[in-house]
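Q: I have a structure I would like to understand better, so I am pasting it below and will then ask my questions one at a time.
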Amino acid sequence: MATSRHVAATNYGGKTRCSDEYQKVFFYVPNLIGYTRVLLTAAAVYCMYHESPFWVFFLYGASEFLDVADGYYARKFNQCSKFGEVLDM
């Protein structure tokens, strides 16, 4: 007898619905931009530690610019997700 959790992940056309949705969300355009933002912020913190104010300003500014682009593309492509919300914090 199948549990309700197992039924929720049943086959739809040869593929499991849950695994497809989880895999797709990682490659949404806004999430790809979000990964770049995380890397830029980490680089800005590294430069802050090494006292490079120009690079801190530049990298953090680029990260904020990408934050705007992230929101724009999430709405444009209708690619909003809970994962994207967490990544955008």
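The values are calculated or read from the model by the stated rules, or taken from the named source; none is laboratory data. In this text the structure is predicted, and so the values were computed from the model without any measurement. FYI the Cβ positions are ideal-geometry reconstructions off the backbone, even for glycines, and counts take in every protein chain you see. Ligands, DNA and RNA are excluded from the accessible area calculation, which covers all protein heavy atoms including side chains. Shrake-Rupley method; radii C 1.70, N 1.55, O 1.52, S 1.80 Å.
Q: With (1) over 22 Å from Asn78 (Cα atoms); (2) modelled with pLDDT of 90 or more as the list, and Tyr35 as the residue in question, which single condition is left unmet?
A: All conditions are met except number (1).
Q: Looking at Val68, Val56, which one is assigned to a helix (DSSP H, G or I), farther than 17 Å from Phe27 by Cβ and open to solvent by less than 80 Å² (accessible area, probe 1.4 Å)?
A: So the residue among Val68, Val56 that is assigned to a helix (DSSP H, G or I), farther than 17 Å from Phe27 by Cβ and open to solvent by less than 80 Å² (accessible area, probe 1.4 Å) is Val56.
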